[in-house]
Ligand code: NDP
Ligand code: MG
């Protein structure tokens, strides 16, 4: 029996993880499940999986969670500290699927226990990649990618010497506005941005796919996880979302990872690694699919990609600034305060302001410094938003 924690259990990745674990309950001892607002789902899954503890990130929802768990043995808890405490419990495998920078501290705490951390929370690597990798190494923990592109690269590298890698290609569907005239993008609505052509995901990452901020984050994630340089990493628009990534080697060979757009593949790979086990995902009928298409991404349509390149060049804590500015701009778009294309403008403003001021971006990468930079970047983004409103 493997002891497992699932952070962000009520989200899209969390629910897919629970789907896999529920198929073989005898194999898993579920310790903690965490969520935030979706108390009904959190309580139902915690009871069904007989978790030791269910935690909501939101303190004021503790009474609701207690009520929903009545009659079961599951302990109810609330708040970021309770999530942090759960992350210090010794488990074999942890799913990190909280959305946003809030996933960083629990992920680091889990790595310090020395087990396996299956990482969906890409923000951890964008904000503090070096710290994540150093912590894993120091505690002999295993950090496995769950983002589909990174899982694909990881799988293409099995048995290969990383020194023979020439380039890494991560694919992008192009999101909701792939084929829109560029001049219409400023008018894109929240509803339009919240629907993805191929993947069924949480709302924030779906909007980030439309703006390509998701791919921008993944560029940084690729650099941090695989130690590749910006020049070695390419983004390729691939509308069918069947090839998730390709790795090019010094002999010119390209190894592509092909599969249906179903997160249960990448999650299952990280769950069973180093073994491969049967997974309930569709098998592709390539003769029926008949053709796959590709095109180069346009940086005018998607300025987030250019910004990510700048962040990769700057390094240090620029990723934490980028992520915090992006999260704040995304909140403002969801709240109807700014238009779709203004998200990238705000992020660029914040990067320019904080790079010019230096100090923050050059600080040593510790959890405290990342939290401080995150805080300052959110304040700077809020000022940039106010400037636009006023
Ligand atoms: P969702 O929005 O569907 O779920 C997010 C989860 O985090 C929910 O459990 C939510 O709780 C919880 N949560 C929200 N805010 C907080 C907070 N402040 N503190 C603690 N928990 C919180 O997101 P996804 O599942 O789509 O994505 C999760 C992560 O995985 C993201 O980093 C995303 O970029 C990454 N990812 C997702 C993919 C996907 O297919 N969805 C693919 C690749 C990566 P509640 O819902 O109860 O409010
Ligand atoms: Mg991805």
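A few remarks follow.
- Cβ pairs under 7 Å, 6+ apart, first in the range 31-46 and in a strand (DSSP E or B), second within 16 Å of ligand 2 (Cβ to nearest atom): 34/8
- The residues in the range 354-370 that are surrounded by fewer than 16 Cβ atoms within 10 Å (Cβ to Cβ) and either without any contact (Cβ under 8 Å) to a residue 24 or more places away in the chain or in a loop (DSSP other than H, G, I, E, B) (or both) can be counted, and the count is 8.
- Contact map, the range 192-215: first residue on the phi > 0 side of the Ramachandran plot, second residue away from ligand 2 (no atom under 11 Å from the Cβ), Cβ cut-off under 7 Å, separation 6 or more or different chains; pairs are 212/175; 212/302; 212/304; 212/305.
- All positions within the range 191-213 that are buried (at least 24 other Cβ atoms within 10 Å of the Cβ) and within 12 Å of ligand 1 (Cβ to nearest atom): 207, 208, 209, 213
- Those residues of the range 76-102 which are without any contact (Cβ under 8 Å) to a residue 60 or more places away in the chain and more than 10 Å from ligand 1 (Cβ to nearest atom), in sequence order: 76, 77, 78, 81, 82, 84, 85, 88
- Which numbered condition residue 338 fails, given (1) touching a helix residue (DSSP H, G or I) at 6+ places or on another chain (Cβ under 7 Å); (2) in a helix (DSSP H, G or I); (3) modelled with pLDDT of 95 or more: (2)
- Yes/no for residue 6 being farther than 17 Å from residue 88 by Cβ, away from ligand 2 (no atom under 16 Å from the Cβ) and either assigned to a helix (DSSP H, G or I) or at pLDDT 95 or above (or both): no
- Apart from one condition, residue 36 fits all of (1) over 16 Å from residue 106 (Cβ atoms); (2) away from ligand 2 (no atom under 16 Å from the Cβ); the exception is (1).
- The number of residues in the range 144-176 that are in contact (Cβ under 8 Å) with a residue 40 or more places away in the chain and either away from ligand 2 (no atom under 16 Å from the Cβ) or surrounded by fewer than 13 Cβ atoms within 10 Å (Cβ to Cβ) (or both) comes to 7.
- Test: residue 66 is touching a strand residue (DSSP E or B) at 6+ places or on another chain (Cβ under 7 Å), without any contact (Cβ under 8 Å) to a residue 12 or more places away in the chain and either surrounded by fewer than 22 Cβ atoms within 10 Å (Cβ to Cβ) or in a loop (DSSP other than H, G, I, E, B) (or both): yes
- Summed over the range 371-390, residues that are modelled with pLDDT under 95 and surrounded by 14 or more Cβ atoms within 10 Å (Cβ to Cβ) total 1.
- Residues in the range 69-106 that are over 26 Å from residue 203 (Cα atoms) and assigned to a loop (DSSP other than H, G, I, E, B): 69, 70, 71, 72, 73, 74, 88, 89, 90, 91, 92.
- Residue check for residue 225: within 16 Å of ligand 1 (Cβ to nearest atom), touching a residue at least 40 places away in the same chain (Cβ under 8 Å), over 25 Å from residue 313 (Cβ atoms) and not in a loop (DSSP other than H, G, I, E, B): no
- Filtered by the rule that a residue be touching a helix residue (DSSP H, G or I) at 6+ places or on another chain (Cβ under 8 Å) and assigned to a helix (DSSP H, G or I), the range 155-179 gives 155, 162.
- Filtering the range 110-150 to residues that are assigned to a helix (DSSP H, G or I), over 12 Å from the mean Cα position of the chain (by Cα), closer than 27 Å to residue 172 by Cβ and within 16 Å of ligand 1 (Cβ to nearest atom) leaves 128, 129, 132.
The values are calculated or read from the model by the stated rules, or taken from the named source; none is laboratory data. Keep in mind that what you see is a predicted model, and the values were worked out from it rather than measured. Note that each Cβ is placed from the backbone with ideal geometry, even for glycine, and that neighbours are counted across all protein chains shown.
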